[in-house]
Amino acid sequence: MSKSPKASGWESEDVDTDSLLLDPENPRLADYGLTPRATQEEIVKVLWQNMAVDELALSIAENGFYRHEPLYAAKERGKNFVIEGNRRLAAVKLLRDSNLRSRLQISSLPTISLAARKQLDTLPVIFCKREEVWAYLGFKHINGPQAWESYPKAHYVAWVHNEVGVALEEIARRIGDKHSTVERLYDGLMVLEQGEAAGVFSREDRYREHFSFSHLTTGLGYTGIQGFLGLPKGEKTIGKRRPVPKDHEKQLGEFLTWLYGSRSKSLPPVIQSQNPDLRRLDEVLKNKQAIAALRKGLTLSVSLEISKGDERVFRESMVEAKQNLQKARGTVLTGYDGNEDLLQTAEDLVELSRAIFSDMQQSRSKKSK
């Protein structure tokens, strides 16, 4: 595990609170639809609604700011962006600014005294560069008490790998995660960003509000999906910024839409749940006829039947029918109440079974000749 910047001899200094800005590049904000263009007030709102800022604010109002645990900030574009301690900074801003609380309709925080407010006019800050503290902050937060979801974690991994130039294996070691997990997160985000850059998909246009990033990271490990996207089959990691070949970007758009749907086109995703739908989609994408059926708007279930072929469908149907009839016979004495319609259904089954048996005999006879 990497040492903290403080342990490396960095000293904190008191900085005017009003000069400190919440970090719009915080990877965790991506999970709530915020981009690096988000305003300070938008960031405060997301932090308040989703990251328990109220608990911190109440603690600071009661006990003051714990000055032995400084914020970390980077001087960028002439401004001070806090890269560690955004929740604490948001709590302080809300306590100091009644107008901000009013605009965000927050009424559950106490009004602090002028003396308490004066103590929050400055905060302890260690100034550093983002790339100098990535390992410390990643280990502390990504798998910490409030572990990050996979999507913001992927953004963090991609930033460290692409911008700081750290190998994925090293990132995994430093943040205390499996190498394979870090690889899947990176590959998933690169595939998603390629689809958006190519204009074949938009995450903002997804059919459902919840974004199941794990559908993508898991699916990229399946051979049918890999083949459909033109990716190398069986590889542990793709490891490229634009992993899908350019001549497969149309298929990439189709695949992402099947995963997440399109609100503008009124298309729900074909993946209703990761298990078993993702495996079913993988099977479909191994068969040209099944892919054509899915493209025509047929359901995943129907497309899957087409992918199996008649021989497999017939075998599975026969086995399933036998199992169901055995189950029915086991409960006939206690489950049949004498209704005429069920008796008629049983008679229909007898006739259907005889017809199937006759057709099978004829088919076997023809093939034997």
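The values are calculated or read from the model by the stated rules, or taken from the named source; none is laboratory data. Keep in mind that this is a model prediction, so the values were computed, not measured. Using ideal geometry, Cβ is built from the backbone for each residue, glycine included, and neighbour counts are taken over all protein chains shown.
Evaluated against (1) under 27 Å from the mean Cα position of the chain (by Cα); (2) on the phi > 0 side of the Ramachandran plot; (3) of a type in the set (D, E, K, R), ARG77 falls short on exactly one condition, (1). Does ALA61 qualify as being out of contact with any Lys or Arg (no Cβ under 7 Å at 6 or more places or on another chain), within 24 Å of THR111 (Cα to Cα) and either surrounded by fewer than 19 Cβ atoms within 10 Å (Cβ to Cβ) or modelled with pLDDT of 90 or more (or both)? Against the criterion (out of contact with any Lys or Arg (no Cβ under 7 Å at 6 or more places or on another chain), within 24 Å of THR111 (Cα to Cα) and either surrounded by fewer than 19 Cβ atoms within 10 Å (Cβ to Cβ) or modelled with pLDDT of 90 or more (or both)), ALA61 qualifies. Filtered by the rule that a residue be within 50 Å of the chain's Cα centre (by Cα) and either modelled with pLDDT of 90 or more or among the charged types (D, E, K, R) (or both), the stretch 351-361 gives a lone residue, ASP359. With (1) in contact (Cβ under 8 Å) with a residue 60 or more places away in the chain; (2) in a helix (DSSP H, G or I) as the list, and SER180 as the residue in question, which single condition is left unmet? Result: SER180 passes all but (1). From the residues in the stretch 66-81 that are of a type in the set (A, V, I, L, M, F, W, C) and at pLDDT below 95, which one is farthest from VAL15 (Cα to Cα)? Looking at the filtered set, the residue picked out is ALA74. Taking the stretch 1-120 as the region of interest, the helices (runs of 4 or more DSSP H) fully inside it that hold 1 or more residues being under 23 Å from GLU131 (Cβ atoms) are 40-50, 86-96.
Does ARG354 meet the test of being in contact (Cβ under 8 Å) with a residue 12 or more places away in the chain and more than 20 Å from THR218 (Cα to Cα)? Spelling it out, it is not the case that ARG354 is in contact (Cβ under 8 Å) with a residue 12 or more places away in the chain and more than 20 Å from THR218 (Cα to Cα). Of all the listed residues (LEU259, LEU252, LEU285), the sole one being buried (at least 20 other Cβ atoms within 10 Å of the Cβ), closer than 17 Å to SER303 by Cα, in contact (Cβ under 8 Å) with a residue 60 or more places away in the chain and touching a Leu at 6+ places or on another chain (Cβ under 9 Å) is LEU285. From the list PRO5, PRO36, the lone residue that is touching an Asp or Glu at 6+ places or on another chain (Cβ under 8 Å), surrounded by fewer than 12 Cβ atoms within 10 Å (Cβ to Cβ) and either outside the structural domain of GLU76 (by TED's automatic domain parsing) or at pLDDT below 90 (or both) is PRO36.
Applying the criterion of being of a type in the set (S, T, N, Q) and within 22 Å of LYS246 (Cβ to Cβ) to the residues of the stretch 145-198, the residue that is surrounded by the fewest Cβ atoms within 10 Å (Cβ to Cβ) is ASN162. Kindly indicate the residue of the stretch 338-350 that is acidic (Asp, Glu) and under 50 Å from the mean Cα position of the chain (by Cα) and also surrounded by the most Cβ atoms within 10 Å (Cβ to Cβ) among those meeting that condition. Once the filter is applied, the top-ranked residue is ASP348.
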